[in-house]
1. Identify all residues within region A:178-195 that are at the interface with chain B (Cβ under 8 Å from one of its Cβ atoms) and over 23 Å from B:His83 (Cβ atoms); write none if there are none.
2. If the Cβ limit is 9 Å and pairs must be 6+ apart or interchain, which residue in region B:36-49 that is free of Cβ contacts under 8 Å to residues at least 40 places away in the same chain pairs with which residue that is of a type in the set (Ser, Thr, Tyr)?
3. Among residues belonging to region A:85-113 that are without any contact (Cβ under 8 Å) to a residue 40 or more places away in the chain and among the hydrophobic types (A, V, I, L, M, F, W, C), point out the one that is farthest from the other protein chains (Cβ to nearest Cβ).
4. Working only within region A:164-177, note down all residues that are within 21 Å of A:Leu70 (Cα to Cα) and more than 7 Å from every other protein chain (Cβ to nearest Cβ).
5. Give me the residue from region A:141-163 that is surrounded by fewer than 22 Cβ atoms within 10 Å (Cβ to Cβ) and touching a Ser or Thr at 6+ places or on another chain (Cβ under 6 Å) and, out of that set, farthest from the other protein chains (Cβ to nearest Cβ).
6. With the condition kept exactly as written, say whether any residue in region A:128-140 is without any contact (Cβ under 8 Å) to a residue 12 or more places away in the chain and facing chain B (nearest Cβ under 10 Å).
7. Would region B:163-181 turn up any residue that is touching a Gly at 6+ places or on another chain (Cβ under 8 Å) and acidic (Asp, Glu)?
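Laboratory data are not the source of any read-out in this text; all were calculated from the coordinates shown. Predicted model, so just to flag it, every value in this text is computed and none were measured. Cβ atoms come from the backbone with ideal geometry, glycine included; neighbour counts cover every protein chain shown.
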There are 2 protein chains.
Amino acid sequence: MATLTKNKTEKLDQILKEAAKLFRQKGFGGTSMRDLAAQLGMEAASMYYHIGSKDEILEKICFEVANNYLEHLEEIEAQKTIHIDKLKELIRFHVRMMIVNGPEVSVTNHDWKYLTKEKLATFKELRKLYETRLETLISAGIEAGELAEVNPQVALFTILSSLRWVEYWWKPQRGIGAKELENNIITLLLKGIEK
Amino acid sequence: MATLTKNKTEKLDQILKEAAKLFRQKGFGGTSMRDLAAQLGMEAASMYYHIGSKDEILEKICFEVANNYLEHLEEIEAQKTIHIDKLKELIRFHVRMMIVNGPEVSVTNHDWKYLTKEKLATFKELRKLYETRLETLISAGIEAGELAEVNPQVALFTILSSLRWVEYWWKPQRGIGAKELENNIITLLLKGIEK
DNA sequence: AAATCTACCTAACGTTTGTTAGAATTTTAC
DNA sequence: GTAAAATTCTAACAAACGTTAGGTAGATTT
């Protein structure tokens, strides 16, 4: 009995994994259930034994990622370090998330629009929450004199946004590891590019 | 006769403008031709007097934006200024593009995946070309001693990526103008956030 | 050995999709 | 005011879509 449930979960994970890859490649709207099934070597109808709907797949991917980010932000908030180190840790986490869960992060960033009405609203709330908390962290860093006196919201979005390209650019073949990439980006964002 | 052609072009522009808004809101796959027609106060079939296909709409939007960026990069390259000023001018242009043509830029950034096979290939080439040229500019700036010795590719994508949020964030109601926004971002990217 | 359960299949359903054909209507030209 | 041209309409198409129903083969349990 235990193995059966396990197998079922495994297949579900497999579907989600493959869906994330396809959605990233061709978009949620550009990927049909038949496409996805073909990738998994089964018929489209067969997937409905494991999932409820196409929307549910997207939903699972997006909320898994969103919750991951939020949980990690909470961990950072709880750490007893100076603000600048919290920011560094946050940047490192973003880079790692994109390297480890590239497809899922990509789908979450690009295809959340296709979430159904209520889920879309919840998702937006989660995102807003994340942004608000991070902005608070930045503001605190400025007040503490650790950060330059920039517009906190501009800093917030510039940082968040500047990390996104990693998901689209990073491949093992590039020969640059997570650590090195993190360090490069941290230097760039914290110290700027001007000599 | 002149007015007729003009009217036809005007309607086409209207369709493209409204399509860009809808695509941004709901995605290319999430927007039907009937949705778009409703927004324009006409029937879906009527649009085909002005356009060839749904794909063509996306194509027109994406290539218009891509060419705009490329042309401007060429202008910058031709300017007789130091590299750091070229970079500043580039950042300013990106911000302005997103403020002036928000929906179109957004669609180009997010929905280019839905371009048809050949157009997709061409689009990717254009993007690659833009990236390569900009990387060259950054490398030149480093060699000239104007920029810190960062990884040029990391700098390239961090800069490009960090500008993208403007399109999603900026509204007239925020009370921050293009100029102020540009200056803030330039400071952040060039001098960093660390005090 | 029979019964049950798991995981897939085939077939088909109702919708929605982008799009076309051809008629109707509005606008422009003379 | 009439003819021509430009623009939009209605109606319908075939294709693709997500999804459901019902069946089947194999494994597991009793």
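1. Going residue by residue through region A:178-195, those that are at the interface with chain B (Cβ under 8 Å from one of its Cβ atoms) are A:181, A:184-185, A:187-195.
Across region A:178-195, the qualifying residue is only A:Leu181.
2. Short answer, once both residue conditions are applied: B:Ala37/B:Ser46; B:Leu40/B:Ser46; B:Ala44/B:Ser32.
3. Step by step, filter region A:85-113, then rank; the result is A:Val100.
4. A:Val166, A:Glu167
5. My answer is A:Pro152.
6. Residues of region A:128-140 without any contact (Cβ under 8 Å) to a residue 12 or more places away in the chain: A:128, A:132, A:136.
Now narrow it down to the ones that are facing chain B (nearest Cβ under 10 Å): none.
Checked region A:128-140: no residue is without any contact (Cβ under 8 Å) to a residue 12 or more places away in the chain and facing chain B (nearest Cβ under 10 Å).
7. Keep residues of region B:163-181 that are touching a Gly at 6+ places or on another chain (Cβ under 8 Å), which gives B:167, B:170.
Next, only the ones that are acidic (Asp, Glu) stay: B:167.
Checked region B:163-181: at least one residue is touching a Gly at 6+ places or on another chain (Cβ under 8 Å) and acidic (Asp, Glu).
Every residue, every condition in (1) within 16 Å of DNA strand D (Cβ to nearest atom); (2) under 16 Å from the mean Cα position of the chain (by Cα); (3) under 18 Å from A:Glu167 (Cβ atoms), yes or no:
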| position | (1), (2), (3) |
| --- | --- |
| A:Leu16 | yes, yes, yes |
| A:Gly29 | yes, no, no |
| A:Asp35 | yes, no, no |
| A:Glu43 | yes, no, no |
| A:Ser46 | yes, no, no |
| A:Glu59 | yes, yes, no |
